[in-house]
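First comes the structure, then the notes that go with it.
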Amino acid sequence: MKPFLIAGLAMLIASPVLAQTAAEKTGVNSALGVAPKTEDFVAEAATSDMFEIDSSKLAIARSDAATKAFAEQMVKDHQKTSQELKALVSGGKVQAKIPQTMTSAQKEMLDKLSGLQGEDFTKQYHADQEEAHEDAVDLFKRYGDEGDNPDLKAWAAKTRPALEHHLQMAKDLNK
């Protein structure tokens, strides 16, 4: 068993009140295919969009034509999903708070990317995009399949095919 899985399972047993949040943060839910809590899903979807938009804006300024085209699509699509998520929350259909900043891990990835230029930047951006979209597809699949808020669950299921397409595009860039 992977160490993070063991640690996450221990946290699930030791802390039932925080179990879902801790399990989502440690990756246990993903490993077990368990849907995140609504609050966790909203936070992860929102911060993922923030990272996609900010990193892609850097790529538009620093990369080759193919990467710029991909990055422009990422900015457009992730601004759209951000607006849709905000509308669900502000409209009262989803009881959750949208974070105003990325996670520390996402900030670190963006800081690393910001310090790179040329081919080093492009390679790192491609790798980050593939990883971020793998995580997003997993998150949206788990919530879309078994989330507890019907409106958010429907939105996650509707949005997932676009994220799967983004993942394939990122993989193609990463070849």
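The values are calculated or read from the model by the stated rules, or taken from the named source; none is laboratory data. Computed from a prediction, not measured in an experiment: that's the story for all the values here. Using ideal geometry, Cβ is built from the backbone for each residue, glycine included, and neighbour counts are taken over all protein chains shown.
Counting only residues that are over 19 Å from Lys175 (Cα atoms) and β-branched (Val, Ile, Thr), which one in region 58-90 is surrounded by the fewest Cβ atoms within 10 Å (Cβ to Cβ)? Filtering first and then ranking leaves Ile60.
Only one entry of Gln100, Gln106 meets the criterion of being under 15 Å from the mean Cα position of the chain (by Cα), under 21 Å from Glu84 (Cβ atoms) and surrounded by 14 or more Cβ atoms within 10 Å (Cβ to Cβ), and that entry is Gln106.
Checking region 92-107 against the condition returns no match, with no residue being in contact with a helix residue (DSSP H, G or I) (Cβ under 7 Å, 6 or more places away or on another chain) and without any contact (Cβ under 8 Å) to a residue 40 or more places away in the chain. Kindly indicate the residue of region 142-175 that is surrounded by fewer than 13 Cβ atoms within 10 Å (Cβ to Cβ) and basic (Lys, Arg) and also farthest from Ile53 (Cα to Cα) among those meeting that condition. Out of the qualifying residues, it is Lys175. Return yes or no: is Val94 among the aliphatic types (A, V, I, L, M), in the same structural domain as Ser56 (by TED's automatic domain parsing) and closer than 19 Å to Glu39 by Cα? Against the criterion (among the aliphatic types (A, V, I, L, M), in the same structural domain as Ser56 (by TED's automatic domain parsing) and closer than 19 Å to Glu39 by Cα), Val94 qualifies.
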